[in-house]
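*Asks:* Dropping the structure in here first, questions after.
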Amino acid sequence: MARVVELVDGFGRRITYMRVSVTDKCNLRCVYCMPEEGVKAKTHDEMLSMEEFARVVRVASALGISRVRITGGEPLARKGIVSLVRAVAAVPGIRDISMTTNATVLAPMADELARAGLNRVNISLDSLKSDTYARLTRRGDLASAIAGIHAAQRAGLRPIRLNAVVLRGINSDEIESLAALTLKHDWDVRFIEFMPFWGNGGLFGEEYVVPIGETRRRVLALGAQGPAASAQSQSGPASYLRLRGGLGQVGFISRDGDEFCGACNRIRLTADGMLRPCLLSEASIDVTAALRGGADDDAIADLIRLAVATKPESGKSRGADGGWEARPLSQIGG
Ligand code: SAM
Ligand code: SF4
């Protein structure tokens, strides 16, 4: 018998996709995401355990969630991540498990993750120059990230998507060279418009923003095969094109995602056990107390339904004072 999809929000959108942020800590300190000193460490008790994440996914799956993305912070920095992938893969009804990672420690883990049931990865790669990569990530080693990408490819974690946040004057000279990776490899390269979140580690300024239209025009100048197509992709609102002769696609992710809200299919679960109906809204529903207070699966399901029911029609892109959402993406599960 076909599964009945129950998760439909107040605007008729079917919710089938859950992003699970397993930690807000990271081994890197990207200038657009985290302060140099890192984020205030949550205690072990403040964070959901791997068993608790898996339980929420299991309950959500029975309600119609079929895709899960594991993110962070840096998900590979959380102990037990392979077991979580295995547990999620064992949930009936979950047919796609992906992960967003900086890939710097992926190389030795890629095979094990694939065997555990991970299907694919999105990898942050903002620069192809070692010195720029080190400056941007504050402590990252480009060679380790590249090794992670190749290991993912060998392990069959496909399609490989590379994400690059474009910052004017820092890596904006690499738009063409990053896009050109799609000519050599069957990887997708997606450019992300910088969101100057408050408290994101020192880079606050609009002066660093390269409007996504400008990035798109520069890529188009390389020669595209057909017009760009818009899509609410599994990992974000994006438009895509293919360079002439390209093996992979080039994507463009705008910080003004409102135009894609109509097709939004997701909810988020944060490392500290909050269900967040929308990336751009501060609303959240705590599941930790229920998980730890002996609640049965029906009660957890009710909280998931409530999160879905409170999904706003569209994201509030900016606060009244013109600033962006106060929590950096590393804490919401970008
Ligand atoms: N650590 C993993 C990684 O870097 O891929 C996963 C978490 S990271 C928060 C998820 C995504 O958010 C990355 O692609 C990162 O580039 C993006 N991101 C973080 N801060 C951002 C910002 N201020 N503007 C735009 N994208 C941002
Ligand atoms: Fe870490 Fe990812 Fe944030 Fe960079 S973007 S600091 S890799 S969580």
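All of the numbers you see were taken from the coordinates with simple rules; none came from a lab. Model, not experiment: these values are computed from the prediction. Don't worry about glycine lacking a Cβ; one is built from the backbone with ideal geometry, like all the others, and counts go over all protein chains shown.
*Asks:* Could you tell me which trypsin sites (Lys or Arg not before Pro) in the range 100-131 are loop residues by DSSP with no more than 15 other beta carbons within 10 angstrom of their beta carbon? Kindly include the intermediate steps, with their values, before the conclusion.
*Replies:* Working: sites: Arg115, Arg120, Lys129; in loops: Lys129.
Filter output for the range 100-131: Lys129.
*Asks:* Could I get the Rg over Rh figure for the chain? Both from C-alpha atoms, Rh via Kirkwood, rounded to two places. Kindly include the intermediate steps, with their values, before the conclusion.
*Replies:* On the way: Rg = 19.0 Å, Rh = 20.1 Å.
We get a ratio of 0.94 for the chain.
*Asks:* Okay, moving on. For His44 and Asp302 in the same chain, what is the full-extension length gain: residue separation times 0.36 nm, less their Cα-Cα distance, in nm?
*Replies:* Here the answer is 90.3 nm.
*Asks:* Normalised by the residues of the chain, what does the relative contact order come to in percent, with Cα pairs under 8 Å and at least six apart?
*Replies:* Working: 723 pairs, mean separation 70.4, N = 334.
Computed over the chain, the figure is 21 percent.
*Asks:* Would you please give the FRET efficiency between Lys184 and Arg139, computed as 1/(1 + (r/R0)^6) with r the Cβ-Cβ distance and R0 = 30 Å, to the nearest 0.05?
*Replies:* Values: r = 28 Å, r/R0 = 0.93.
Step by step, r from the Cβ atoms, then E = 0.60.
*Asks:* Isolated Cys in the chain by the 4.7 Å beta carbon test?
*Replies:* Unpaired cysteines in the chain: Cys26, Cys261, Cys264, Cys278.
*Asks:* Where the only charges are on Cβ atoms (+1 Lys, Arg; -1 Asp, Glu), what is the dipole of the range 17-332 about its Cα centre, to the nearest 20 debye?
*Replies:* Values: 40 positive and 36 negative charges, 166 e Å.
In total the dipole reaches around 800 debye.
*Asks:* If Lys and Arg each add +1 and Asp and Glu each add -1, what is the summed charge of the other residues whose beta carbon sits under 10 Å from the beta carbon of Arg67? Display every interim value, and only then the final one.
*Replies:* Values: positive: Arg19, Arg69, Arg95, Arg266; negative: Asp96.
Local charge sum for Arg67: +3.
*Asks:* Projected onto the charge dipole of the range 17-332 (+1 at Lys/Arg Cβ, -1 at Asp/Glu Cβ, origin at the Cα centre), which of Ile149, Ser281, Val31 gives the Cα projection farthest towards the positive end?
*Replies:* Ile149
*Asks:* Dipole of the chain (Lys/Arg Cβ +1, Asp/Glu Cβ -1, origin at the Cα centre): which of Tyr208, Gly245, Ser172 lies farthest to the positive side?
*Replies:* Towards the positive end, the residue furthest out is Gly245.
*Asks:* Please give the residues of the range 45-69, grouped as numeric ranges, whose backbone N is less than 16 Å from a label point set 7 Å along the Cα-to-Cβ vector of Asp286.
*Replies:* 45-49
*Asks:* A further question on this structure: Do the alpha carbons of any pairs in Lys25/Lys311; Lys42/Lys311; Lys79/Lys129; Lys40/Lys184; Lys40/Lys311 sit beyond 32 Å of each other, and which pairs? Walk me through the intermediate numbers first.
*Replies:* Working: Lys25/Lys311 27 Å; Lys42/Lys311 27 Å; Lys79/Lys129 30 Å; Lys40/Lys184 41 Å; Lys40/Lys311 28 Å.
In this structure, Lys40/Lys184 exceed 32 Å between Cα atoms.
*Asks:* So what's the net charge close to Met50: Lys and Arg +1, Asp and Glu -1, counting the other residues with Cβ under 12 Å from its Cβ?
*Replies:* My count for the surroundings of Met50 gives +2.
*Asks:* Work out, step by step, the length gained on full extension between Ser130 and Glu207: first 0.36 nm times the residue separation, then minus their alpha carbon distance; give nm to one decimal. Don't jump to the answer; show the numbers that get you there.
*Replies:* Working: separation 77, 0.36 × 77 = 27.72 nm, distance 2.37 nm.
Length gained between Ser130 and Glu207: 25.4 nm.
*Asks:* Around Tyr240, with a cut-off of 12 angstrom between Cβ atoms, what is the net charge of the other residues, counting Lys and Arg +1 and Asp and Glu -1? Walk me through the intermediate numbers first.
*Replies:* On the way: positive: Arg161, Arg190, Arg216, Arg242; negative: Asp188.
It works out to a net charge of +3.
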